[in-house]
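Asker: I have a structure here, written as structure tokens, and I will follow up with some questions on it.
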Amino acid sequence: MSTHADTTTTMHSVRTRHDNPVRDFLSSKAASIAVFIIATLWTIPTFGLFVSSFRTKDAVTSTGWWTALSNPAWTFDNYKQVILGGTDNLQVPLVNYVVNSLAITVPATIIPITLAAMAAYAIAWVPFRGSDAVFFTIFGLQVVPLQMSLIPLLSLFSQGWSIGKVTIIPTFDNGLTLFGHQVLPAFKIAGNYAAIWLPHTMFALPLAIFLIHNFIAALPRELMEASKVDGANHFLTFTRVVLPLSVPALASFAIFQFLWVWNDLLVGMTFAGGSDAIMPLTYRLAQLSGSLGSHWELLTASAFVAMLIPLIVFFSLQRFFVRGLLAGSVKS
Amino acid sequence: MTTTNAWSDVWSQLVPKFGQILFSIALFAAVLVIAFWLASRARGKAERPVVVTLMLGPAIVLVAIGLVVPGLQTILFSVRDPYGQGFVGLQNFGWAFTDPGMRQTLTNTVLWIVLAPILSTGIGLLLAVLVDRIKREALAKALIFMPMAISFVGASVVWKFVYQYAGPGNPQIGLLSSIVMAFGVKNPPNWMLTQPLNTFLLMVIYIWVQTGFAMVVLSAAIKAVPMDINEAASLDGATGFRLFRTITMPMVRGTFVVVLTTAMVATLKLFDIVRTMTGGNFGTSVLANEMYSQTFVQFNSGHGAALAVILFIGVTPMIWYNVRSLRKERTIR
């Protein structure tokens, strides 16, 4: 790099105490202290919430959490109340929403990643005219914000989609009948988990295809050719060769997508339609944050229950998660 | 009622839901296996079209139904009345730029896009540089990165507790109020009602979440700077800020810009924090929140769609920029 060469030559004249160990030690010491202070600052808010979730209502409302050690009043009751529900403040148990979130997040992670891997393979390794155009169009669709799709998708799920009188996409409220045979059973998308999986899958695809394509396209060509020579068709090559080799890339995107869906509020709010049967945890927590105004002991415990699974996922799979982030934004 | 439900009752309600999860995943897998099996019988000339259709088709159909068609429909809605019927020209856009409430919303949005990404990416860069110089960085990194995992809603509850207000004479349980009282302020304000301070306090939440992301990505970029460049520079006497300015910064500039634009897109679409903290009241509303309110609270699909289109127009140049730098990168390879 020429700019680099320029800078190093110009810096010849400003030679300073470059190999002074004391100075190095001090600077790394100062950096350590600075990082320590910032990391502490960053943790205090969550720590306060955590402490408060184990204090009694009286203690939480009468004293700051930082005085918890001098005003000890510990209890597990808050967690019992929020998790099991049944009290006046929290009728429906919070585990109900935890399971809802799982039921939303697991399929909304598996489905888009599978479809994206398939698409990425086709774009990268099945030669066809316009594959580059398809790739960039899909990638470019990231510009369409979620917000643009909310109303049209809602009406699609409840009424199907038709131009004039011609039905392009039917609703499956009465199932699907082809040539007099019931092919699909009656199924209402609106009000079902599928109403949340589908938007998540659709919104995830552009980025998923892009990231997974980057990985799959970089696999060695000899591998594909060898597989072909062995008599494998594209499907066998995809499932036996490409997928196993792509596990690291798929895993890192899976974690990313899992946390994204788990933490999403807008899609859940829009497509759950306020139904306790499918409403995700984030939506419930947002509701509680308004309705439990004076019950900090319950709100803090609820917030911690909501954070638990993403925190477990995050801390146990942190390495993959970071790798997934980097795949998107750092050139390697 | 004051007693909680019994575990067994709660549990029995949940079992069917687990069944539903497993069933749907099994169904998805079965459909794929059958489709692959059927399609792999195609031979000769038919093979390639069948493969492309089956493997690329589902993604294209979903993206078309979920993004392309709705995008066009929303553009049509944006020039229609509140019920999506009569054509009203650009009235909805006129409203968006002249209504006093909307002016406030747009001003807030601009403040957000300018301040929050710069601060979070800047602090993230500072941390990345600092972390690069210390020995045991993993724990500090994990702690600063953690808010990223807990959702904006969770983060909002965390900070709601920090910003908790108590009237004079009541015990202060909010951390922020207690801190300013320690500095001699007698009656701390009700933070979330104090304009325009409240918008900045909401930005703190965003920065708290986003900084860890910026730090991790930039830290990786810094580590990717070849050792010998750093060594050569320090042999030439470059240390500290000088090394940063002349070597590190030019090398990570590309990543910095990507993180910054990603954050800008995210703030433009920002919804969760504002929704959970204030619901957009007290002069804190932003574009994406107002879009939701207009559509699902006021039931004015014309206004809502116009705001979505404005959002789209705002996001496009930033993503366009990222696509372009990606294309450049591709041709270099």
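The values are calculated or read from the model by the stated rules, or taken from the named source; none is laboratory data. Since this is a predicted model, take the numbers as computed values, not measurements. Using ideal geometry, Cβ is built from the backbone for each residue, glycine included, and neighbour counts are taken over all protein chains shown. Ligands, DNA and RNA are stripped out before the accessible areas are found, and what is left, the full protein with its side chains, is counted by its heavy atoms. Shrake-Rupley method; radii C 1.70, N 1.55, O 1.52, S 1.80 Å.
Asker: Rank B:Thr74, B:Thr3, A:Thr40 by accessible area, highest first, at a 1.4 Å probe radius? Before the final figure, lay out each step's value.
Answerer: Working: B:Thr74 5, B:Thr3 95, A:Thr40 55 Å².
Ranked from most to least accessible, the order is B:Thr3, A:Thr40, B:Thr74.
Asker: Among rounded, prolate and oblate, which fits chain B when a ≥ b ≥ c are the square roots of the eigenvalues of its C-alpha gyration tensor, a/c under 1.5 means rounded, and a/b larger than b/c means prolate?
Answerer: Details: a/c = 1.41, a/b = 1.10, b/c = 1.29.
It is rounded, given that a/c, with a ≥ b ≥ c, falls under 1.5.
Asker: What value does the range B:201-286 have for Rg/Rh, both radii from Cα atoms and Rh as Kirkwood defines it? Intermediate results must be reported in sequence, preceding the final value.
Answerer: Values: Rg = 18.0 Å, Rh = 15.2 Å.
Reported Rg/Rh (Cα atoms, Kirkwood Rh): 1.18.
Asker: Also, quick follow-up: Could you state the accessible area per residue of the range A:255-320 in Å², with a 1.4 Å probe and every protein chain left in place?
Answerer: Values: 2000 Å² over 66 residues.
I get 30 Å² per residue for the range A:255-320.
Asker: What figure in square angstrom, to the nearest 10, would you give for the accessible area of B:Tyr206 with a 1.4 Å probe?
Answerer: Probe radius 1.4 Å; accessible area of B:Tyr206 about 0 Å².
Asker: At 1.4 Å probe size, with no ligands or nucleic acids counted, give the accessible surface of A:Asp88 in Å², nearest ten.
Answerer: 110
Asker: Shifting gears a bit: Return the average number of partner chain Cβ atoms within 10 angstrom of each residue Cβ along peptide A:290-298. Mind dumping the intermediate values first?
Answerer: Details: counts 3, 0, 1, 2, 0, 0, 5, 0, 0.
Per residue, the number of nearby Cβ atoms from other chains is 1 on average.
Asker: So, R0 is 22 Å and r is the distance between the beta-carbons of B:Ser8 and A:Leu308; what FRET efficiency does that work out to, to 0.05?
Answerer: Values: r = 22 Å, r/R0 = 1.00.
Rounded to the nearest 0.05, the efficiency is 0.50.
Asker: I would also like to ask the following. For the range B:20-100, which chymotrypsin sites (Phe, Trp or Tyr not before Pro) are in a loop by DSSP, counting at most 12 other Cβ atoms within 10 Å? Mind showing how you got there, number by number?
Answerer: Numbers: sites: B:Phe23, B:Phe28, B:Phe36, B:Trp37, B:Phe77, B:Tyr83, B:Phe87, B:Phe93, B:Trp95, B:Phe97; in loops: B:Tyr83.
Sparse-neighbourhood loop chymotrypsin sites (Phe, Trp or Tyr not before Pro): B:Tyr83.
Asker: With every protein chain kept in the model, how would you rank B:Arg133, A:Arg284, B:Arg43 by accessible area, 1.4 Å probe, largest at the top?
Answerer: Values: B:Arg133 85, A:Arg284 35, B:Arg43 165 Å².
Most to least solvent-accessible, the answer reads B:Arg43, B:Arg133, A:Arg284.
Asker: Check cross-link reach from A:Lys29 to the lysines: straight Cα distance under 18 Å, and skip same-chain residues fewer than eight apart.
Answerer: B:Lys135, B:Lys141
Asker: Dividing the convex hull volume of the Cα atoms of the protein assembly as shown by its residue count, what figure in Å³ per residue is obtained?
Answerer: Measuring per residue, one finds 198 Å³ for the Cα hull of the protein assembly as shown.
Asker: Using a probe radius of 1.4 Å on protein heavy atoms only, what is the accessible area buried between chains B and A, both sides summed, to the nearest 100 Å²? The partial results should precede the final answer.
Answerer: On the way: alone 21320 and 20310 Å², together 30460 Å².
About 11200 Å² of accessible surface is lost on pairing.
Asker: Using the Cα gyration tensor of the range B:271-322, with a ≥ b ≥ c the square roots of its eigenvalues, what is the shape: rounded (a/c below 1.5), prolate (a/b larger than b/c) or oblate (neither)? List each step's numbers first, then the result.
Answerer: Numbers: a/c = 3.05, a/b = 1.43, b/c = 2.13.
Oblate.
Asker: Once label points are set 7 Å from the Cα along Cα→Cβ at both A:Asp230 and A:Leu41, what is their separation, rounded to one decimal in nm?
Answerer: 5.6
Asker: Can you give me the distance in nm between label points at B:Phe18 and A:Phe128, each placed 7 Å from the Cα along the Cα-to-Cβ direction?
Answerer: Once both label points are built, they end up 4.1 nm from each other.
Asker: Per the 1.4 Å probe, what fraction of the accessible area of the range A:94-329, in percent, lies on carbon and sulfur atoms?
Answerer: Details: 5920 of 9120 Å².
Here carbon and sulfur together make up 65 percent of the probe-accessible area.
Asker: First check a/c for the range A:94-329, with a ≥ b ≥ c the square roots of the eigenvalues of its C-alpha gyration tensor; if it is under 1.5, answer rounded, and if not, answer prolate when a/b is larger than b/c or oblate otherwise.
Answerer: On the way: a/c = 2.18, a/b = 1.28, b/c = 1.70.
It comes out oblate by the Cα gyration axes.
Asker: Continuing with this model, one more query. At 15 angstrom or more along the helix axis (alpha-carbon based) and mean Kyte-Doolittle of 1.0 or higher, what helices does chain B contain? Whole DSSP H runs only.
Answerer: Details: long enough: B:7-39 (48 Å, 1.45); B:47-63 (24 Å, 1.66); B:100-132 (47 Å, 1.28); B:151-162 (17 Å, 1.45); B:197-223 (38 Å, 1.65); B:249-268 (27 Å, 1.57); B:301-332 (45 Å, 0.52).
The qualifying helices are B:7-39, B:47-63, B:100-132, B:151-162, B:197-223, B:249-268.
Asker: Taking the Cβ-Cβ separation of B:Val257 and B:Ala35 as r and a Förster radius of 51 Å, what is the calculated FRET efficiency to the nearest 0.05? Write down the numbers at each step before the final one.
Answerer: Numbers: r = 42 Å, r/R0 = 0.82.
After rounding, the FRET efficiency stands at 0.75.
Asker: Per residue, how much accessible area does the range B:91-332 show when a 1.4 Å probe rolls over the protein heavy atoms, in square angstrom? Show your work: numbers first, answer last.
Answerer: Details: 9880 Å² over 242 residues.
Accessible surface, normalised per residue, equals 41 Å².
Asker: Working from the alpha-carbon coordinates of the range B:7-77, get Rg over Rh, Rh being the Kirkwood radius.
Answerer: Values: Rg = 19.4 Å, Rh = 15.7 Å.
Value, to two decimals: 1.23.
Asker: Contour minus end-to-end for A:Val92 and A:Ser28, with contour as 0.36 nm per residue of separation and end-to-end as the Cα-Cα distance?
Answerer: On the way: separation 64, 0.36 × 64 = 23.04 nm, distance 5.20 nm.
Stretched fully, the A:Val92-A:Ser28 segment lengthens by 17.8 nm.
Asker: Continuing with this model, one more query. Under a 5 Å amide H to amide H cut-off, with H placed in plane at 1.01 Å, what residues pair with B:Arg80 once short-range neighbours are removed?
Answerer: B:Val88
Asker: Tell me what chain B gives for mean residue ellipticity at 222 nm when only DSSP H runs of n ≥ 4 count, each as -39,500 (n - 2.57), the sum divided by the residue total, rounded to 500 deg cm²/dmol. It would help to have the intermediate numbers written out before the result.
Answerer: Values: 15 runs with 236 residues, N = 333.
After summing the helix terms and dividing by residue count, I get -23500 deg cm²/dmol.
Asker: Under the definition of Cα pairs under 8 Å and six or more residues apart, what whole-number percent is the relative contact order of chain B?
Answerer: 24 percent.
Asker: On the full set of protein chains, 1.4 Å probe, figure out the accessible area of A:Glu225 and give it in Å² to the nearest 10.
Answerer: Using a 1.4 Å probe on the heavy atoms, I get roughly 100 Å².
Asker: Taking the solvent-accessible surface of protein heavy atoms with a 1.4 Å probe, what is the per residue accessible area of the range B:7-77 in Å²? Working shown, then result.
Answerer: Working: 4240 Å² over 71 residues.
Per residue, the range B:7-77 has an accessible area of 60 Å².
Asker: Now a separate question. By how many nm would the segment from A:Val166 to A:Thr56 grow when fully extended, if each residue of separation counts as 0.36 nm and the alpha-carbon distance is taken off?
Answerer: Numbers: separation 110, 0.36 × 110 = 39.60 nm, distance 6.16 nm.
Contour length minus the Cα-Cα distance gives 33.4 nm.
Asker: On to the next question. Heavy atoms only, probe 1.4 Å: what % of the accessible area of the range B:101-145 goes to carbon and sulfur, would you let me know? Don't skip to the answer; put the middle values down first.
Answerer: On the way: 1460 of 2060 Å².
Whole-percent figure for carbon plus sulfur exposure: 71.
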